[in-house]
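This report concerns only the one structure given below.
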Amino acid sequence: MGIISRFPAGATKPYIEEIYNSDGQLIDAKMYGYKAIRDGAFSDCTNLALTTLPSGITNIGVGAFSNCTSLALTTLPSGITNIGVGAFSGCTNLALTTLPSGITNINNRTFSGCTNLALTTLPSGITNIDDRAFSGCTSLALTTLPSGITNIGNRVFSGCTSLALTTLPSGITNIGDGAFSNCSSLVSLTFEGTPESIGGSAFYGCSNLTTINVPWAEGAVANAPWGATNATITYGYTG
């Protein structure tokens, strides 16, 4: 194992000290003085086994850690406010249990395919979750969504077989196609408000979803039953 620095001894911050194994594969990176991780910085570094990031990081760029299958982070620095498109996609050992409170948007494919992602809640300030943000996250065990969320994009939770939501917040205006497709742990779902649109396949493949309670009249929201072929829909539900 050798240690290689991108800058010579005595270099001023920011700089990265890289650690490689005997096969020349990057296994660790110590970042000094960084506030942001650039786009694609560590993409496809399959042996990179970071367990922490520097506390001063506030931004993680597009695809920064995509397909880093050995990445074993359990927390992110509390000051992070943005995580770029696909930043952690394919990171199958990523085991985060929380996200920083300053995050208000989850970008496209941010955590797609992160099969060990074990979040049980999302930051309360999140208003938007973009397409495929959590698709294939089979360990994702959310039981609620933030009350201020307005948009759930296409296939956001597709294949999230541990997702156990029972309600959807009143402020949601859009639920995209396939948003909850193949979420086999969904059983009963109550809408607290009336979305403007729900994709025709939003609940496709949710074989155990047998009850959907909605406050609107039949026909008020198009495409029912939104792919939930085993569900009975109760219209005008008031709880």
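Taking the criterion of being touching a Pro at 6+ places or on another chain (Cβ under 8 Å), crowded, with 18+ Cβ neighbours inside 10 Å and under 24 Å from R38 (Cα atoms), the only residue of the stretch 104-137 that qualifies is I126.
Results for (1) more than 22 Å from I129 (Cβ to Cβ); (2) at pLDDT 95 or above, shown as yes or no for each residue.
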position: D44; (1), (2): yes, yes
position: T52; (1), (2): yes, no
position: V62; (1), (2): no, yes
position: N67; (1), (2): no, yes
position: I83; (1), (2): no, yes
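For every residue, the table says whether it meets (1) under 20 Å from N105 (Cα atoms); (2) over 22 Å from the mean Cα position of the chain (by Cα); (3) at pLDDT 95 or above.
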position: L145; (1), (2), (3): yes, no, yes
position: S162; (1), (2), (3): no, no, yes
position: A179; (1), (2), (3): yes, no, yes
position: A202; (1), (2), (3): no, no, yes
position: W216; (1), (2), (3): no, yes, yes
position: A231; (1), (2), (3): no, yes, yes
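Regarding T167, is this residue out of contact with any helix residue (DSSP H, G or I) (no Cβ under 7 Å at 6 or more places or on another chain), farther than 23 Å from L117 by Cβ and β-branched (V, I, T)? Judged against the criteria, T167 is not a match. For the stretch 90-111, the criterion of being among the hydroxyl-bearing types (S, T, Y), assigned to a loop (DSSP other than H, G, I, E, B), touching a residue at least 24 places away in the same chain (Cβ under 8 Å) and over 26 Å from A179 (Cβ atoms) is met by none of the residues. Of the residues Y235, Y204, the single one that is of a type in the set (F, W, Y) and out of contact with any Ser or Thr (no Cβ under 9 Å at 6 or more places or on another chain) is Y235. Under 8 Å by Cβ, and 6 or more places apart or on different chains, what pairs join a residue from the stretch 48-62 that is without any contact (Cβ under 8 Å) to a residue 60 or more places away in the chain with one that is among the basic types (K, R) and assigned to a loop (DSSP other than H, G, I, E, B)? Going by the 8 Å Cβ cut-off, the qualifying pairs are G56/K35; I57/K35; T58/K35; N59/K35; G61/R38.
Within the stretch 27-69, being closer than 12 Å to G86 by Cβ, of a type in the set (S, T, N, Q) and either touching a Phe, Trp or Tyr at 6+ places or on another chain (Cβ under 8 Å) or in a strand (DSSP E or B) (or both) holds for S43, S66. Return yes or no: is A202 part of a loop (DSSP other than H, G, I, E, B), closer than 14 Å to V221 by Cβ and of a type in the set (A, V, I, L, M, F, W, C)? So A202 fits the description; yes. Kindly evaluate T92 against the criterion of being in contact with a Leu (Cβ under 7 Å, 6 or more places away or on another chain) and either modelled with pLDDT of 95 or more or within 20 Å of L53 (Cα to Cα) (or both). Spelling it out, it is not the case that T92 is in contact with a Leu (Cβ under 7 Å, 6 or more places away or on another chain) and either modelled with pLDDT of 95 or more or within 20 Å of L53 (Cα to Cα) (or both).
Once the stretch 138-170 is narrowed to residues that are of a type outside the set (A, V, I, L, M) and not in a loop (DSSP other than H, G, I, E, B), the residue that is surrounded by the fewest Cβ atoms within 10 Å (Cβ to Cβ) is T167. Scanning for something modelled with pLDDT of 95 or more, over 21 Å from the mean Cα position of the chain (by Cα) and either among the acidic types (D, E) or over 29 Å from G159 (Cβ atoms) (or both), does the stretch 28-36 turn up at least one residue? Within the stretch 28-36, one or more residues are modelled with pLDDT of 95 or more, over 21 Å from the mean Cα position of the chain (by Cα) and either among the acidic types (D, E) or over 29 Å from G159 (Cβ atoms) (or both).
Filtering the stretch 171-198 to residues that are within 19 Å of T229 (Cβ to Cβ), polar (S, T, N, Q) and not in a strand (DSSP E or B) leaves S181, N182, S184, S185. Out of curiosity, is T98 among the β-branched types (V, I, T) and under 19 Å from F42 (Cβ atoms)? The answer is no for T98.
The values are calculated or read from the model by the stated rules, or taken from the named source; none is laboratory data. All figures in this text were calculated on a predicted structure; none of them were measured in a lab. Ideal geometry is used to build each Cβ from the backbone, glycine not excepted, and the neighbour counts take in all protein chains shown.
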